[in-house]
Amino acid sequence: MTWEIVAGWIALCTAGIGAGKIVYDLSRTLTKLNCSVENLNSTLTALTTENGQEHEELYGGVAEALDALQAQEIRLTKLEASVKDIT
């Protein structure tokens, strides 16, 4: 073998190692990204569930307040009617 052939093999091996490093780095980055997306997805699911529960609690409180307000409105209407009847 001549030195040119050896130099060519060395250049090809170096290029292969360089390409392999690039592929390895990309693979590692995609794996990290996949883990981050899975973590974000689980966090988002938990937050959505918690948000739904809080909305149900708030709606229940608003519904109770509206019921109490309606009862007071009826009471005031009856009082106003009784005051009109007296006068």
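The values are calculated or read from the model by the stated rules, or taken from the named source; none is laboratory data. Because the structure is predicted, anything quoted here is derived from the model rather than measured. With ideal geometry, Cβ positions are generated from the backbone for all residues, glycine too; neighbour counts draw on all protein chains shown. Please note that ligands, DNA and RNA were not included when accessible areas were found on the heavy atoms of the full protein model with its side chains. Shrake-Rupley method; radii C 1.70, N 1.55, O 1.52, S 1.80 Å.
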Setting aside same-chain residues fewer than 8 positions from K21, which lysines have a Cα under 19 Å from its Cα?
K32
Residue-by-residue Karplus 3J(HN,Hα) for the range 25-30, coefficients 6.51, -1.76, 1.60, Hz, glycine and proline x
4, 5, 4, 5, 5, 5
In the range 16-58, taking the dipole from +1 charges on Lys and Arg beta carbons and -1 charges on Asp and Glu beta carbons about the Cα centre, the listed residue (L44, T31, G20) farthest towards the positive end is G20
Run the quick spin-label model on D85 and D25: label points 7 Å from Cα toward the beta carbon, then report their separation in nm to one decimal.
8.9 nm
Using each residue's phi in the range 48-62, evaluate 6.51 cos²θ - 1.76 cosθ + 1.60 at θ = phi - 60° and report the 3J(HN,Hα) Karplus result to the nearest Hz, with x for Gly and Pro.
5, 5, 5, 5, x, 5, 5, 5, 5, 5, 5, 5, x, x, 5
Carbon/sulfur fraction of accessible area - the chain, other protein chains in place, 1.4 Å, %:
67 percent
Probe 1.4 Å - accessible area at T14, Å² to nearest ten
90 Å²
Distance in nm between label sites at E54 and K78, each 7 Å beyond Cα in the beta-carbon direction?
3.9 nm
Taking the reciprocal of mean 1/r across every pair of different Cα atoms in the chain, the Kirkwood radius in Å is 20.5 Å
